[in-house]
Structure formats: structure tokens, C-alpha cells
Amino acid sequence: YICFSLKMSENPTAPPSVGFKKRNILLAVLALTGFLVLLFPDLAKSLTNNPGTSVTAFSEHSVTVVEPGGSTVESKVGSPPKTNSLSADSYRDDILKPPSQEWAQKQVLRTVNMMHQHYSKPSEWEVCGAKTYYFHEIKTIYTGIPKTGCSNWIEALLRANGDLKHQLDPTMVRKVHGGISGRHRIPNLRGRYDPGTFRQAFSFTVVRNPWTRMVSGYRDKVSAEKTQGGSFRSLGRAIVREMRNITDRAELAKLYPTFTEFAQWVAKHHGSGNPHFHQQYRTLCIPRAKYDFIIPLEYAGPLSQEVWRRINAETSLLQSYDKSSDPRLQKSALYAKDWLSKIDKETIDKLYKIFELDFALMKYSNFTDPNFPLPLHDLNL
């Protein structure tokens with residue numbers, strides 16, 4: 001405004017030039033901006049220096065997240081067909097609504113049919129494996145598939161059943177896999193309850209997109225991440241030894257497998273014999289038993305409330321480590337898109353074939369899909 005006044009004072013009777021008009025517009029915009037900054041200082045601060053804010057940018061072939069502190073993570077998705085581009089037609093906000101149980105049950109039945117099997121009638125819960133639990137006080141059966149948040153679910157169920165009086169600290173949650181939950185495992189209860197008792201219980205399980213589950217297994221068990229990796233240190237060294245043909249123990253002690261090496265190792269061993277890495281359907285009780293409720297992990301927040309309502313329990317899951325509530329923007333999905341896009345097509349095809357039934361469980365999206373890792377469910381059911 002001052003500059004405008006000075007300019008006009010030079011020759012107030014002369015008509016303003018085109019350039020002068022453009023400068024006036026720019027100065028007006030700057031003045032308005034300065035006024036807004038003075039009027040709303042907190043807003044300006046939050047836009048420029050909020051450590052909890054992440055800015056996400058979408059393009060046709062990548063998702064870029066600017067993390068607190070300025071670091072960025074770009075998730076390349078190769079060159080998908082036009083139908084997989086991040087357009088208004090394919091990037092669905094409505095898909096954040098959880099699938100209905102009618103749809104979920106149809107998908108699991110379809111998977112059972114793909115196995116060339118059929119459900120046992122009545123359900124035979126008494127033959128289920130050690131990852132299936134029966135909590136007698138709340139009359140609930142739960143199958144905990146590794147790397148689907150099972151530690152969190154078991155902790156919440158132990159509190160609901162009265163085994164735990166208080167919520168555990170998230171850093172201590174792995175303790176639930178000891179004796180405190182062991183006495184609730186189905187194999188340890190055979191002969192104690194008759195099959196009819198199990199059939200009267202409410203049963204549920206949680207499944208997950210196979211790609212993000214694979215990434216979670218790698219990061220948690222064999223990676224070099226300081227926050228969570230290396231709990232299966234001997235397995236990590238074995239993978240390096242096998243994939244790089246290194247035998248020197250001193251050298252192996254310092255090495256960790258890359259995600260590509262881990263993925264190739266999983267493909268080579270057809271999913272591995274370790275339940276943290278093998279197919280999810282192998283842990284489930286299907287087709288010997290039919291679950292009352294099936295939860296895709298991507299919708300654990302809202303669907304857990306329905307579980308607590310059904311068992312009449314006042315409990316809750318531990319808070320998620322990820323800041324984003326949209327599964328498509330969570331770290332596991334971003335890492336999966338980036339890391340999987342760098343693996344050769346032959347290995348990807350082998351892995352997809354190995355986990356084909358797991359993908360079918362909830363019609364899970366591929367990592368090239370803009371709605372990855374969500375189930376591609378029918379909202380009309």
C-alpha cells in the first residue's frame with residue numbers, strides 16, 4: 001500500500017500502466033497475506049512448522065509422504081494401466097467403509113471352495129491348532145494369525161476374560177504369548193470342554209493383505225531396524241547365508257537380509273514353515289470350523305467395536321503405532337509399494353501364487369492398485 005501511494009504521488013494525474021496494475025495486484029495479495037498471518041499466527045505456524053503434520057502428494061505412478069522433519073518416502077508403483085491411476089474414479093473414499101459380514105463370509109466360502117473343500121457341519125473347533133484360543137469367561141474363540149495384530153487382540157481378550165487387570169504397556173505386549181495365554185489354547189483344552197461348548201461360543205479371526213503382512217514380518221523379525229527388527233536373528237543370518245552364499249560366521253554376524261532377499265527366500269521355500277511367514281489360511285480353522293465374524297486388519301478399529309459389543313466386554317485395542325488412519329497411507333503400505341516394485345516379476349508372480357488363497361480371503365488388492373492394501377469389497381452387500 002505504501003509503495004502504491006509513493007508511485008501515485010510521482011504523477012497523480014498520469015494513467016497507470018499495465019505493469020503498474022500488475023504490481024498493484026501483487027502488492028494487494030501480499031498485503032492480504034500479511035494481514036491474515038498477523039490475524040491468525042497459530043494457523044501460520046501450524047502450516048509451516050507443525051512436527052505432527054505430514055503432507056501427501058499423489059501422482060499417477062507414486063505416493064509421496066513428507067514425514068515430520070522434512071524426510072520423504074516415495075512409493076513407486078511401476079507403470080500400472082490407466083484403470084489403476086490415482087484418478088477420481090479409481091481412488092475410492094467409499095472403500096474406507098468396512099465390508100459387510102455377508103460379503104466377508106462369501107469371500108471366505110469362496111476360498112474354501114478354491115481349496116476344493118467344504119465346511120464341516122457342525123464346526124469342529126476341538127481339532128484347531130495352537131493359534132486358536134478359547135476364553136471361557138467371555139465364551140469367545142479367537143484365531144490369532146501372526147502379523148495380523150494378534151498380540152494386541154490377545155491382550156484385549158485377556159483383559160476382557162479377567163486374566164489381566166490393567167492394559168499392558170505397548171512395549172510389553174509380547175508377554176501375552178507366554179503361559180498367561182497358553183492355558184487358553186485349544187490343544188491345551190481338549191478333554192476339558194466338550195465340543196458343544198466350543199460350538200456355542202462366539203468365534204472370530206483377523207486377516208491381512210498378504211503383501212503388507214510380508215513387509216511387517218520382514219521388518220519385525222529379520223530386518224536391521226533398530227525399533228523392531230532382528231527378533232529372529234538366527235533366521236536372518238540363515239537367509240543371508242543361503243541367498244549370498246556367505247559362510248564366515250564373523251561376517252554373517254554383522255549382516256541382515258534385504259527385503260528383496262527375504263522375498264526371494266520366501267518364494268524359494270514356498271512361504272516357509274514359520275507361521276509368521278507362511279500362508280494365513282494354514283493357521284485358520286477352515287474348513288473344519290466356520291467363524292462367526294471375520295475382520296480385515298485394515299478395518300480393525302471400527303470392527304473391533306462390534307466384537308466387544310457381541311461379547312459384552314469393556315475392552316479395547318492398544319493404540320496404533322501409525323499416525324495415519326487411512327490404511328493406504330500407513331507405513332506398511334508405503335514400504336510394500338516401494339519395495340515390491342523393485343523385485344523382479346518372476347519372484348512377484350511366485351509369491352502371488354503362493355499366497356493366492358490369502359488374497360482370495362478378502363479379495364485383497366495388489367500393490368499396484370491405488371486402493372492398496374484394502375479389500376476390493378462390494379459396498380452393496
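Observations on the structure shown:
- When residues of the stretch 153-169 are limited to those that are in a helix (DSSP H, G or I) and open to solvent by less than 40 Å² (accessible area, probe 1.4 Å), the one nearest to residue 137 (Cα to Cα): 161
- Check on residue 92, at pLDDT 95 or above and over 30 Å from residue 313 (Cβ atoms): no
- For residue 335, the conditions (1) surrounded by fewer than 19 Cβ atoms within 10 Å (Cβ to Cβ); (2) within 24 Å of residue 151 (Cα to Cα) are fulfilled apart from (1).
- Criterion violated by residue 351 - all others in (1) touching a Pro at 6+ places or on another chain (Cβ under 7 Å); (2) assigned to a helix (DSSP H, G or I); (3) over 24 Å from residue 93 (Cα atoms); (4) of a type outside the set (Lys, Arg) satisfied: (1)
- Residue match in the stretch 124-138 (condition: at positive phi and modelled with pLDDT of 95 or more): no
- If the condition is being surrounded by fewer than 21 Cβ atoms within 10 Å (Cβ to Cβ) and either on the phi > 0 side of the Ramachandran plot or among the aliphatic types (A, V, I, L, M) (or both), then the stretch 175-192 contributes 180, 189, 191.
Yes or no, residue by residue, for (1) open to solvent by 30 Å² or more (accessible area, probe 1.4 Å); (2) farther than 19 Å from residue 106 by Cα; (3) touching a residue at least 40 places away in the same chain (Cβ under 8 Å):
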| position | (1), (2), (3) |
| --- | --- |
| 286 | no, no, yes |
| 316 | yes, yes, yes |
| 352 | yes, yes, no |
| 362 | no, no, yes |
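- Residue 172 out of contact with any His (no Cβ under 8 Å at 6 or more places or on another chain), surrounded by fewer than 17 Cβ atoms within 10 Å (Cβ to Cβ) and not in a strand (DSSP E or B): yes
- Residue check, residue 271 under 27 Å from residue 300 (Cα atoms) and surrounded by 15 or more Cβ atoms within 10 Å (Cβ to Cβ): yes
- Residues being surrounded by fewer than 21 Cβ atoms within 10 Å (Cβ to Cβ) and either hydroxyl-bearing (Ser, Thr, Tyr) or not in a loop (DSSP other than H, G, I, E, B) (or both) - total across the stretch 338-348: 6
The values are calculated or read from the model by the stated rules, or taken from the named source; none is laboratory data. Note that the structure is predicted; figures quoted are calculated from it, not measured. Neighbour counts run over all protein chains shown; Cβ positions are idealised from the backbone, glycine included. Remember, those area values only see protein heavy atoms, side chains included, never the ligands or the DNA or RNA. Shrake-Rupley method; radii C 1.70, N 1.55, O 1.52, S 1.80 Å.
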